[in-house]
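Each value in this text was obtained by applying a stated rule to the coordinates, not by laboratory testing. Keep in mind it's a predicted model, so treat the numbers as computed, not measured. For neighbour counting, all protein chains shown are included, and Cβ atoms are generated from backbone atoms with ideal geometry for every residue, glycine included.
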Amino acid sequence: MKTIKTIVIILLILVLIPVASWVVWSFRPDKPLDILVMNKTVLGLEQKEHRAIFWVLLNDKFIKNDGKAYRMEKDYYGFHPVKPLKTRKYEVRRIRLDEVEQLCSEFDMAYYSDTYGVFFNEWYRRASSKGKGTLIEGGLNNSDYIFIKEMIEKKKMLIAEYNFIAPPTIGLVRKKTEDLLGIHWSTWTGRAIKELDPQSSKDLPEWVLSIYKKRNNGDWPFSGPGIVLINELAQQVLVLENGKHLDMPVPEIQSTEFGLDHYDLPESVSYPQWFDIMDPISNNVVAEYKIHINMEGKALLDEFGLPSRFPAVIESAGSSPYMYLAGNYSDYPVRIWNAKLQGINTFKNVFYNRNEHSESKFYWKFYVPLISQVLTDYQAGLSE
């Protein structure tokens with residue numbers, strides 16, 4: 001009997017705590033904030049490239065100005081797959097030049113989560129040997145630039161992520177956007193790779209291999225964990241191997257004094273996803289990447305003129321609010337259902353694994369508190 005009672009009590013607790021959390025969440029006040037979310041890279045129906053930002057919007061009870069909650073399946077601009085996915089049909093919701101003024105008046109801020117885009121071979125599942133194929137939709141275009149410029153001039157918040165101005169964005173739009181925001185892209189991107197052996201790797205893109213092999217007689221002599229740095233414009237790939245060039249196989253994000261003073265961030269957290277190497281010019285740096293190189297790794301980076309420490313989060317130092325996240329931060333498969341539980345962040349340790357370099361730990365310890373605070377502070381300022 002004691003065993004049955006114990007089981008009943010445990011089951012009641014497991015049911016009552018989520019129900020109580022949902023009830024408390026339901027009674028929290030809504031926060032009206034109209035956000036234009038842009039995602040041009042949606043290859044499936046799960047919308048994982050912007051799922052993370054919509055989790056924060058739902059958890060913090062941000063709503064559209066029409067009083068409705070955000071829905072990640074439809075409340076975004078960009079590439080929209082059409083059900084059933086097997087038909088390969090799609091719709092594209094673009095910013096048109098003739099509607100820029102209306103959009104700038106309608107929306108309080110913009111969040112560009114992904115501009116990389118969708119290519120013909122990726123969408124129609126053609127042979128990978130043919131490469132990506134023709135671009136269907138992607139890149140920052142001139143209408144995007146004019147919209148962003150208008151938003152900045154109206155002092156409305158912009159948040160943009162990794163690949164914001166990288167290919168397939170054309171050079172002229174890239175240069176104008178850099179000048180507008182006062183930042184500069186080095187043309188280098190990178191990522192930690194768990195296994196550099198292509199036969200065993202799940203996160204080593206074929207196009208990275210192709211660039212390297214073209215310059216090295218078809219060879220790819222790497223295995224084990226490491227970090228790849230890619231300059232797609234110059235068709236260069238640099239490989240940092242753990243143990244040979246690296247003391248740690250994954251970059252670390254370290255909060256700066258400015259970041260610690262202004263945001264509720266951890267002092268450091270590993271980051272295993274895509275990043276780009278940016279120059280903040282005169283803007284504020286909230287956090288920095290640190291690649292833990294040894295002397296041999298430093299010599300290799302010096303050969304290409306690359307730093308081992310560079311910005312992870314850049315914030316505007318001027319009067320127009322914007323933030324650049326130099327990583328693929330919102331591309332995380334968080335479960336949307338638990339966003340409606342008040343205090344879920346208290347149990348964040350349950351949601352990430354104990355792996356020192358886990359992506360889930362980065363999401364819960366760094367991304368969620370940062371974006372939640374940025375949006376909350378901005379929305380509060382609009383309400384004053």
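Under 16 Å between alpha carbons, and skipping anything fewer than 8 positions from Lys290 in its own chain: which lysines qualify?
Lys298
Quick one: which of Lys89/Lys175; Lys83/Lys156; Lys202/Lys361; Lys40/Lys202; Lys154/Lys361 span more than 25 angstrom between C-alpha atoms?
Pairs exceeding 25 Å: Lys89/Lys175; Lys83/Lys156; Lys154/Lys361.
How high is the FRET efficiency from Asp377 to Glu106, r the C-beta distance, R0 22 Å, rounded to 0.05?
With R0 = 22 Å, the Cβ-Cβ based efficiency is 0.50.
Determine the distance separating the Cα centre of the range 103-171 from the Cα centre of the range 21-94; give it in Å without decimals.
Rounded to whole Å, the Cα centres lie 17 Å apart.
Based on a Kirkwood Rh over C-alpha pairs, give the Stokes-Einstein translational diffusion coefficient of the range 163-316 at 10 °C and viscosity 1.306 mPa s in µm²/s.
Result for D is 97 µm²/s.
Pull out the extension gain between Arg215 and Trp337, defined as 0.36 nm times the separation in residues minus the alpha carbon to alpha carbon distance; nm, one decimal.
Full-extension gain reported as 39.2 nm.
What is the calculated FRET efficiency for Arg93 to Asp30, with r their C-beta to C-beta distance and R₀ = 30 Å, to the nearest 0.05?
Efficiency for this residue pair is about 0.75.
At 0.36 nm per residue, minus the direct Cα-Cα distance, what do Glu178 and Ile146 gain on full extension? Give it in nm, one decimal, please.
Value of the extension gain: 10.2 nm.
Using each residue's phi in the range 135-149, evaluate 6.51 cos²θ - 1.76 cosθ + 1.60 at θ = phi - 60° and report the 3J(HN,Hα) Karplus result to the nearest Hz, with x for Gly and Pro.
My calculation for the range 135-149 gives 6, 7, 7, x, x, 6, 9, 5, 5, 4, 4, 5, 4, 4, 4 Hz in order.
Go ahead and run the numbers for FRET between Ala299 and Lys194, Cβ-Cβ distance against an R0 of 25 Å, rounding to 0.05.
0.50
Can you give the helix-only mean residue ellipticity at 222 nm for the chain, where every DSSP H stretch with n ≥ 4 adds -39500 (n - 2.57) and the sum goes over all residues, rounded to the nearest 500 deg cm²/dmol?
For the chain, the value works out to -9000 deg cm²/dmol.
Net charge near Cys104, counting Lys/Arg +1 and Asp/Glu -1 over other residues with Cβ under 14 Å of its Cβ?
Local charge sum for Cys104: -4.
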